[in-house]
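Asker: Pasting a structure below so you can have a look.
Just so it is clear, none of the values below were taken in a lab; they were calculated from the coordinates. Note that the structure is predicted; figures quoted are calculated from it, not measured. Neighbour counts are summed over all protein chains in view; Cβ atoms, including those assigned to glycine, are modelled from backbone coordinates with ideal geometry.
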Amino acid sequence: MTTSNSAQLFEKAKHYFPGGVNSPVRAFRSVGGNPLFIEKGKGSHIWDADENEYIDFCCSWGPLILGHANENVLNAVGKTMRNGTSFGAPTKLENDLAELILSNNPFIKKIRFVSSGTEAVMSAIRLARGFTKRNKILKFEGCYHGHVDSMLVKAGSGLVTFGNSSSAGVPESFVNETITVPLNNREAVEQAFAKYKNEIACVIIEPVPANNGLLLQDKTFLQFLREICTTNKTLLLFDEVISGFRLGFCGAAGFYNIQPDIITYGKIIGGGFPVGAYGASAEIMSCISPEGNVYQAGTLSGNPVAMSAGIAQLSECLKKDFYPELEKKTNYLIEGIMKVNGFKLFKLFKLGSIFWIAFTEKEAIKNAEDIDANSMAYFKTLYHALLEEGVYLGPSGYEVGFMSSAHTYQDLDKTISAFEKALKKLK
Ligand SMILES: Cc1ncc(COP(=O)(O)O)c(C=O)c1O
């Protein structure tokens, strides 16, 4: 397999962009080698600049639940675009997407569209602070919430400590408003609430943590968070940028049947275009400007082209058996891979149509600390062996894979045999 065109493009890109990319993980640093430059995608397949073809399980990191270049999405976008691409004034399409979501999701009553998951989280945190008139945020180590200043904090050494910034450029005073605790640890959460009584505006969690491996939490832990937040008049914020519209139309809130106070969305909601959103009860959302005094705005918020892509994509998700079908395919793939994984070199953890390859002997991994960083060397080898066999995953062993409705059983059989061949190399 040759990837010389990608390599050349990457060399050129390094002159223009820091590290040659516009988002760090794309640079392939954790798997080594040059990133592939993608030329086109159709359904479950992508083609790189050297015309190599891959079955894609990255799916643009989750948004493409219908696969690439879905005809309904393309038609909707094309039709909208011809009437202009942005007005900075309200359009009916915003109402239509909001209605589609709100009439099928009992967990939020009002919504605000923004342009990315990061922006959704940033705004939701401001909303939580404005509503509660408190400053501190409790987050979990191993959950990623976008590159929001106060979320770029890694845990300190104790159970309940202020952490350190995980990025330069974040003032210590911001970090001091973020409490970081381990996932799946009630005691740490209880200690935090005892120590910072009446100070915590919100607890933010990825209800299905999927940015640092797939750290599936027990439902009882999420229920415990609900209860402790209610007792302390703290808002519970589910960051559903990945799980929203993925685990089912109502995301993790619906899957676990837990009512958070605020939910953030991104990825799938925009049908492959830059859309994020946050939603809550009418009371909480009434704090947002111009109704309330929590300011949040955006030139391209509710962009008509992006709204029409979202409407087209979410309308497909609402069809009967859409989610059970995705899950059936995911189970098929996982069972097939495990059959050829004779030496049990890794485990596959999954929920719905999200899966994660973990080189571990543990039966479950619920906590970032339980991931052995050394195991990533195996992933690296597997990764390149799979590329050679025409299977594209997100380029990091900490990233999860996504199934789309465009994946066929033929794709899955090919993927299973690609794993079989790749594993031979790994052994
Ligand atoms: C749970 C979660 N929150 C927030 C974000 C940030 O979203 P975006 O990359 O659209 O800014 C991500 C991105 O991966 C995410 O997975």
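Asker: When the dipole is taken about the Cα centre of the range 230-360, and only Lys, Arg (+1) and Asp, Glu (-1) are charged at their Cβ, what size is it in debye, to the nearest 20?
Answerer: I would put it at about 620 debye.
Asker: Please list, in order along the range 348-358, the HN-Hα scalar couplings obtained from phi with the Karplus expression 6.51 cos²θ - 1.76 cosθ + 1.60 (θ = phi - 60°), rounded to whole Hz, x for Gly and Pro.
Answerer: Whole-Hz 3J(HN,Hα) from phi for the range 348-358: 10, 9, 8, 8, x, 9, 10, 9, 9, 8, 10.
Asker: Which semi-axes, in whole Å and largest first, does the equivalent ellipsoid of the range 165-229 have when worked out from the alpha carbon gyration tensor as the square roots of 5 times its eigenvalues?
Answerer: Equivalent-ellipsoid dimensions as semi-axes: 22, 18, 9 Å.
Asker: Which lysines have a Cα less than 16 Å from the Cα of Lys328, not counting those fewer than 8 places away in the same chain?
Answerer: Within the straight-line limit of under 16 Å, Lys328 reaches these lysines: Lys319, Lys320, Lys350.
Asker: Starting with the highest mean, order 249-262, 6-19 by the number of other Cβ atoms within 10 Å, averaged over the residues of each peptide.
Answerer: Top of the packing list down: 249-262, 6-19.
Asker: Something else now. When DSSP beta bridges are limited to those with both residues in the chain, what percentage is antiparallel, rounded to the nearest 5?
Answerer: Once the DSSP bridges in the chain are tallied, antiparallel ones form about 60 percent.
Asker: In what order do Thr234, Thr118 fall by count of nearby beta-carbon atoms within 10 Å, going from fewest to most?
Answerer: Thr118, Thr234
Asker: Something else now. Any chance you could count the Lys pairs in the range 1-118 whose alpha carbons are under 29 Å apart, treating pairs 8 or more apart or on different chains as valid?
Answerer: Pairs that pass both the separation and distance tests number 10.
Asker: Continuing with this model, one more query. Tell me, Glu325, Glu187 in order of fewest to most beta-carbon neighbours within 10 Å?
Answerer: Fewest-to-most Cβ neighbours within 10 Å comes out as Glu187, Glu325.
Asker: Place a label point 7 angstrom from the Cα of Lys362 along the Cα-to-Cβ direction, then list the residues of the range 316-342 whose backbone nitrogen is under 13 Å away.
Answerer: Label zone hits: none.
Asker: Determine, at each q value in 0.09, 0.12 (inverse angstroms), the log₁₀ of I(q)/I(0) that the Debye formula gives when each Cα of the chain is one equal point scatterer.
Answerer: The Cα Debye sum returns log10 ratios of -0.56, -1.04.
Asker: Going Cα to Cα from Lys195, which lysines come in below 16 Å? Please leave out same-chain ones fewer than 8 positions away.
Answerer: Answer for Lys195, where 16 Å is the Cα cut-off: Lys136, Lys139, Lys233, listed by chain and number.
Asker: What whole number of Å gives the distance from the Cα centroid of the range 64-96 to the Cα centroid of the range 257-335?
Answerer: Rounded to whole Å, the Cα centres lie 15 Å apart.
Asker: Whole-Hz ³J(HN,Hα) for each residue in the range 208-216, computed from phi via Karplus 6.51 cos²θ - 1.76 cosθ + 1.60 with θ = phi - 60°, x for glycine and proline: what do you get?
Answerer: 10, x, 9, 10, 9, x, 10, 9, 4
Asker: Still on this structure: Which of the listed residues, Gln410, Ile108, Ala368, is farthest toward the dipole's positive end in the chain, when Lys, Arg count +1 and Asp, Glu count -1 at the beta-carbon?
Answerer: It is Ile108.
Asker: How long, wide and thick is the range 71-317, going by the Cα atoms along their three principal axes, in whole angstroms, largest first?
Answerer: 56, 34, 33
Asker: Sequence neighbours fewer than 8 away in the same chain don't count; with that in mind, list the lysines whose C-alpha is under 16 Å from Lys344.
Answerer: By straight Cα distance, Lys344 reaches Lys362, Lys421, Lys424, Lys425, Lys427.
Asker: What does the charge dipole of the range 71-317 about its Cα centre add up to, to the nearest 20 debye, if the Cβ of each Lys and Arg holds +1 and the Cβ of each Asp and Glu holds -1?
Answerer: My answer is approximately 280 debye.
Asker: Taking a ≥ b ≥ c as the square roots of the Cα gyration tensor eigenvalues, with a/c under 1.5 meaning rounded and otherwise prolate when a/b beats b/c, else oblate, which class fits the range 213-366?
Answerer: Here the range 213-366 falls in the oblate category.
Asker: If you split all Cα-Cα distances of the range 1-155 into 10 Å bins from zero, what percentages do you get per bin, shortest first?
Answerer: Distribution as computed: 8, 23, 31, 27, 10, 1 percent.
Asker: Fewest Cβ neighbours within 10 Å first, please rank Trp61, Trp356 accordingly.
Answerer: Trp61, Trp356
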